[in-house]
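Note sheet for the following structure.
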Amino acid sequence: MSDKILPVVLCGGTGTRLWPVSREGMAKQLLPIVGDETLLQMTLRRVQGAEFSEPMVIGAHGVRFTIRDQVEAVAPNARVVIEPERRDTLAAVLLAATIAAKDDPDALLAVMPSDHLIRDRAAFQAALSTAAASVRASGIAIIGVAPTGPSTAYGYIKPGAAATDGTAAVAAFVEKPDATRAEKLIAEGCLWNAGMFCFRAGWLIEAAGLVAPEAVALVGKAVDAMKQDLGMFVPGGDFARVKAISFDHGFMEQTRDARVAPGNFHWSDVGDWDAVWEQSEKDAAGNAIRGDGFVHAAKDNLIHSEGRLVCAVGVEGLAIIETPDAIMVAPREKAQDVKGLVGALKGAGRAEAVEHIRNHRPWGWYQTMDLGDRHRVKRIVVKPGAKLSLQKHHHRAEHWVVVRGTAEVTVDGTVSILHENESIYMPIGSVHRLANPGRIPVEIIEVQTGTYLEEDDIVRIEDEFGRV
């Protein structure tokens, strides 16, 4: 039986309440919302040390290459597991437990979200150690955080009889309450449910088999059929058939073997723009500014700018969020309503609801700068050592201008090396490829001209990422 804790980081959320910065195509855990690193990377750094084994990250298929790159930057030996389809947290937790149990049924897992903010690493690890010690033989322990106020955004845990190991039995789980009920729960000593659990892998599979046998069976078959792909592990079988239900509803509310360990640290799920303001550095008037922002006679505002200058004059308590393709303005107190806004945008068929203007690819990213009837201008950045697919187009020609780095360009079998301020032309139908042979990112400006300029006019001839 290993004494080390195996951290399992769940990285499949969509983070729609932080729109327009966070979207389904690139959710908040993969973005530097409150620091220089992303929330995923900050989470991984909290579970490093002698008491931890190499982490496992469970992520979504659509952002698998971004997850892989971010994990490798801070935890290069982590195991990245990609869900073929999002099935909520019960499936993700069972997936982690089943994979771990293949190596060691007694493996001690600590499951946690990737998009929460905890700055006190020592206090967090102490709570995790308490929770882990309480499940050395069996059972499951959840970390409960002391509330800082009567929030209606979180679930609550009602502790029962206390044990000598610093934990208490879980008497009840309470869904997100109204404000009056939240105040009463806090007065009764209830804790916030932070979504962090400790358990033995084999024990959980056995216990979950009593309440969710179909899910356990389907996940087991998916792990048996799991394959490795480009440095990541992808379950096979019928994983997509697992019922989409949360771990709380699918297991925690049905087990009698749950304990709660108190977490004596400040915690935030960074669940909306008001929470971001709370966690950000502020000026003397309470304004939090990230990016190019300026205030005059204004107080208690959050300004997030990703490019343009954003000015606020004579306003109070606003969240003003600027991205290249969308601007959102709302009272901070209405921050929870952003999720409803995103739903309305989806209903209106607006692509901005789910996709960023910057499109991330396994080789880097591109962003449309200008679009006309017969032309499109893109900014393309390719990572060192990466290359795009060998491809051709039926309806467009392309002009590439290198603005930074060194580009290796193949056109109909001829290879050219282009440096800054040099350019090349790819006629319609030519077979071409862009690669970065250097040690710094290569950046080009691409001008497309033709009768059809959409991304589905790509015929891939060779692709190291397995795309067609």
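The values are calculated or read from the model by the stated rules, or taken from the named source; none is laboratory data. Every value quoted in this text rests on a predicted model; they were computed, and no experiment measured them. Here the Cβ is made from the backbone with ideal geometry for all residues, glycine too, and neighbour counts use every protein chain on show.
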**Item:** Members of the stretch 74-115 that are of a type outside the set (D, E, K, R) and without any contact (Cβ under 8 Å) to a residue 24 or more places away in the chain
**Value:** 76, 77
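Among the residues of the stretch 90-101, is any under 30 Å from residue 239 (Cβ atoms), at pLDDT below 95 and either part of a helix (DSSP H, G or I) or among the hydrophobic types (A, V, I, L, M, F, W, C) (or both)?
At the first step, the residues of the stretch 90-101 found to be under 30 Å from residue 239 (Cβ atoms) are 90-101.
Filter once more, so that each one left must be at pLDDT below 95: none.
Within the stretch 90-101, not a single residue is under 30 Å from residue 239 (Cβ atoms), at pLDDT below 95 and either part of a helix (DSSP H, G or I) or among the hydrophobic types (A, V, I, L, M, F, W, C) (or both).
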**Request:** Pull up the stretch 57-75, narrow it to residues that are touching a helix residue (DSSP H, G or I) at 6+ places or on another chain (Cβ under 6 Å) and over 12 Å from residue 13 (Cα atoms), then point me to the one that is surrounded by the most Cβ atoms within 10 Å (Cβ to Cβ).
**Result:** 57
**Request:** Mind counting the residues in the stretch 379-394 that are exposed (fewer than 14 other Cβ atoms within 10 Å of the Cβ) and under 21 Å from residue 455 (Cα atoms)?
**Result:** 1
**Asked** If you check every pair at least six apart or on different chains, which have Cβ atoms under 8 Å apart with a residue in the stretch 202-228 that is more than 22 Å from residue 248 (Cα to Cα) and of a type in the set (Asp, Glu) first and a residue that is modelled with pLDDT under 95 and not in a helix (DSSP H, G or I) second?
**Response** 224/236; 224/237
**Message:** Given the options 455, 398, 443, name the one that is assigned to a loop (DSSP other than H, G, I, E, B) and either farther than 15 Å from residue 376 by Cα or out of contact with any Phe, Trp or Tyr (no Cβ under 7 Å at 6 or more places or on another chain) (or both).
**Reply:** 455
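Please tell me if residue 339 is farther than 23 Å from residue 294 by Cβ, outside the structural domain of residue 387 (by TED's automatic domain parsing) and more than 21 Å from the chain's Cα centre (by Cα).
Numbers: farther than 23 Å from residue 294 by Cβ: yes; outside the structural domain of residue 387 (by TED's automatic domain parsing): yes; more than 21 Å from the chain's Cα centre (by Cα): no.
Answer is no for this residue.
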**Message:** Name the single residue that is surrounded by the most Cβ atoms within 10 Å (Cβ to Cβ) among those in the stretch 16-38 being out of contact with any strand residue (DSSP E or B) (no Cβ under 7 Å at 6 or more places or on another chain) and over 20 Å from residue 343 (Cα atoms).
**Reply:** 30
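Can you tell which of 84, 105, 55, 76 is within 15 Å of residue 204 (Cα to Cα), of a type outside the set (A, V, I, L, M) and assigned by TED's automatic domain parsing to the domain that holds residue 225? Break it down stepwise before answering.
On the way: 84 fails: within 15 Å of residue 204 (Cα to Cα); 55 fails: within 15 Å of residue 204 (Cα to Cα); 76 fails: within 15 Å of residue 204 (Cα to Cα).
Of the residues listed, the single one that is within 15 Å of residue 204 (Cα to Cα), of a type outside the set (A, V, I, L, M) and assigned by TED's automatic domain parsing to the domain that holds residue 225 is 105.
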**Complete:** Taking the stretch 230-247 and the residues there that are in a loop (DSSP other than H, G, I, E, B) and under 20 Å from the mean Cα position of the chain (by Cα), the one that is nearest to residue 218 (Cα to Cα) would be 235
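This table checks each residue for (1) in contact with a helix residue (DSSP H, G or I) (Cβ under 8 Å, 6 or more places away or on another chain); (2) of a type in the set (Ser, Thr, Tyr); (3) under 23 Å from residue 132 (Cα atoms).
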position	(1), (2), (3)
156	yes, yes, yes
161	no, no, yes
165	yes, no, yes
168	no, no, yes
190	no, no, yes
203	no, no, yes
213	no, no, no
**Item:** Residues located in the stretch 343-371, provided they are farther than 30 Å from residue 439 by Cβ, modelled with pLDDT under 95 and aliphatic (A, V, I, L, M)
**Value:** 351, 353, 354, 371
**Item:** Scope the stretch 130-162; condition over 23 Å from residue 117 (Cβ atoms), at pLDDT 90 or above and not in a strand (DSSP E or B); matching residues
**Value:** 133, 134, 135, 139
**Message:** Could you check the stretch 248-291 and list, in sequence order, the residues that are part of a loop (DSSP other than H, G, I, E, B), under 27 Å from residue 20 (Cβ atoms) and among the basic types (Lys, Arg)?
**Reply:** 282
**Prompt:** Taking into account only those residues within the stretch 417-440 that are of a type in the set (Val, Ile, Thr) and assigned to a strand (DSSP E or B), which is nearest to residue 368 (Cα to Cα)?
**Reply:** 424
**Prompt:** If we scan the stretch 300-312, do we find a residue that is modelled with pLDDT of 95 or more, surrounded by 14 or more Cβ atoms within 10 Å (Cβ to Cβ), among the aliphatic types (A, V, I, L, M) and outside any strand (DSSP E or B)?
**Reply:** no
**Prompt:** If you scan the stretch 247-287, which residues turn out to be polar (S, T, N, Q) and either surrounded by 15 or more Cβ atoms within 10 Å (Cβ to Cβ) or without any contact (Cβ under 8 Å) to a residue 60 or more places away in the chain (or both)?
**Reply:** 254, 255, 268, 279, 280, 287
